1. Identify all residues within the range 311-359 that are hydroxyl-bearing (S, T, Y) and closer than 26 Å to G154 by Cα; write none if there are none.
2. In a helix (DSSP H, G or I), in contact with a Leu (Cβ under 8 Å, 6 or more places away or on another chain), at pLDDT below 85 and surrounded by 16 or more Cβ atoms within 10 Å (Cβ to Cβ), is that true of Y437?
3. For the range 26-40, check the following and say yes or no: at least one residue is open to solvent by less than 60 Å² (accessible area, probe 1.4 Å), of a type outside the set (S, T, N, Q) and within 16 Å of the chain's Cα centre (by Cα).
4. Can you name the residue in the range 169-192 that is outside any helix (DSSP H, G or I) and touching a Leu at 6+ places or on another chain (Cβ under 7 Å) and is also most open to solvent (accessible area, probe 1.4 Å) among such residues?
5. I'm trying to understand the selection: among the residues of the range 331-347, which are open to solvent by less than 10 Å² (accessible area, probe 1.4 Å) and either farther than 24 Å from V432 by Cα or within 18 Å of the chain's Cα centre (by Cα) (or both)?
6. State whether one or more residues within the range 324-331 are polar (S, T, N, Q) and more than 30 Å from R395 (Cβ to Cβ).
7. Taking T410 as the residue in question, decide whether it is surrounded by 19 or more Cβ atoms within 10 Å (Cβ to Cβ), hydroxyl-bearing (S, T, Y) and more than 18 Å from R145 (Cβ to Cβ).
8. So which residues in the range 374-400 are open to solvent by less than 20 Å² (accessible area, probe 1.4 Å) and farther than 17 Å from L140 by Cβ?
Amino acid sequence: MLVAPARVPATRRLAATLYGYAFLTDLVLLYPLYVLLFADTGLSVGQISSLFVLWSAAGILLEVPSGAWADALSRRLLLRLAPLLTAAGFALWVLLPSYPAFAVGFLLWGAGGALRSGALEALVYTELDHLGAADRYARLIGRTRTAEVLGAVGSGLLAGPVFAFGGYLAVGAASVLTCLLAAAVAARLPERRPTATPAPVPAATGPAPDGAVPALVRPASGEAVPDVRPPSGEAVPAGGSAAPPPSGGATGEQPPGEPGWRDRVRGGLAEVRAHRAVRAAVLLVAAVATIWGGLDEYTGLLARDTGVAETTVPLLLLLLWGGMTAGGLLAPLGERLSDRGHAGLLVLAATATAAGALLRHPAGFLLLAVAFAAFQLATVLADVRLQARISGDARATVTSLAGMATDLTTVAFYGAYGLLAGAVGNPVAFAVAVLPYLLVALWLCPDRAVNQGKK
């Protein structure tokens, strides 16, 4: 698809604002140090683990409602609120360091992450679609993930000097400042209200029976999508279509008469239930993102198990961050991959992860960097597939359902990995943990997709 020259500046402005927001969101100097803050305050390992559970629980409980709020109210508004909630949590940590303050801070951080999840992807895809540049979504979202990784790298590089200068208070103040800057940048994001286009109704069909739901035509496949908007009482002209709801334009305000957030939840659930392609894409996002996202939390332990000094561990982790950066930048090329190519990407990533971990040597992190690049690319492609298959006006809600599925399976993964690593050690646990990716690769095989299309 060609982008009209007049719309290229708008696409570039969207990209620049998006990258700045993503970078600032993850440029949090507390990232490398908050566990040390908890320990220095006197918390036990069990108490610290309970904080992680609260963090995950907040995200899970708010994931779908926040997606519906984004669809019903304003995606940009939620993207502005998300870093403000996180900033409030960080301020509590450094001003009132105690278990209750840490718990409230994690609840705020989890809520902020839930507000951002779904709303960001939906806003970007909708805006690009309006500009006639939906085919650039993979490029933009891949570079956005790269900007997030670069933010995390920056926090790792700056945390030490800032801590040496002013301790936890200075690190916390810098973290709050970057969150406030992220909120300011979010205010510059464009936003157009989602709309849906009803399908033509043949004159011969007559009025729909009581309880029947009008249909929308899927732009990509022609498959009918339930229209979950509340009935307006207006008749649909024969052979024509109902007028779309009024658009809020770039203001982000909800036009009068648009569905509320409960209707958006029902709409998102209805689309996932009614269409196998959307449901499969939601499950694919969770299947691809869960395991490697969970393993990322344990890479520091794996690095230490290679026998290097504590000061060398961050250097090995920089290799992984470099791999993730490369994976995000390769998204435009990866979008050309077929289902078989996507499956091969997962097999490559799983094999490289197992080999790198079982090598039990710092050189194994070169293989892990390749694996994390492939995993990052595969995750972006799974998100691209999901966005392309959503056709209703509850895009953020459906995306949040994928996020909730990911969060739920990640919590289960943490428990399983803890038991496995305790029994066989981190290297073997890494190798065993990636075996399910082989099943996901089989699921992605084209033969399966063909067989589904015949049903």
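The values are calculated or read from the model by the stated rules, or taken from the named source; none is laboratory data. From a predicted model like this one, the values you see are computed outputs, not experimental measurements. Note: ideal-geometry Cβ built from the backbone for every residue, glycine included; neighbour counts use all protein chains shown. Just the protein is used for accessible areas: all its heavy atoms, side chains included, with ligands, DNA and RNA removed. Shrake-Rupley method; radii C 1.70, N 1.55, O 1.52, S 1.80 Å.
1. Across the range 311-359, the qualifying residues are T311, T312, T325, T353.
2. Numbers: in a helix (DSSP H, G or I): yes; in contact with a Leu (Cβ under 8 Å, 6 or more places away or on another chain): yes; at pLDDT below 85: no; surrounded by 16 or more Cβ atoms within 10 Å (Cβ to Cβ): yes.
Considered against the rule, which asks whether it is in a helix (DSSP H, G or I), in contact with a Leu (Cβ under 8 Å, 6 or more places away or on another chain), at pLDDT below 85 and surrounded by 16 or more Cβ atoms within 10 Å (Cβ to Cβ), Y437 comes out as no.
3. Looking for residues that are open to solvent by less than 60 Å² (accessible area, probe 1.4 Å), of a type outside the set (S, T, N, Q) and within 16 Å of the chain's Cα centre (by Cα), one finds at least one in the range 26-40, hence yes.
4. Of the residues in the range 169-192, the ones outside any helix (DSSP H, G or I) are 187-192.
Then drop every residue that is not touching a Leu at 6+ places or on another chain (Cβ under 7 Å), which leaves 189-191.
Values: L189: 2, P190: 36, E191: 3 Å².
My answer is P190.
5. A331, G334
6. Residues of the range 324-331 polar (S, T, N, Q): 325.
Filter once more, so that each one left must be more than 30 Å from R395 (Cβ to Cβ): none.
No, the range 324-331 contains no residue that is polar (S, T, N, Q) and more than 30 Å from R395 (Cβ to Cβ).
7. Numbers: surrounded by 19 or more Cβ atoms within 10 Å (Cβ to Cβ): yes; hydroxyl-bearing (S, T, Y): yes; more than 18 Å from R145 (Cβ to Cβ): no.
In short, no.
8. A374, F375, A378, G392, D393, A394, T397, V398, S400
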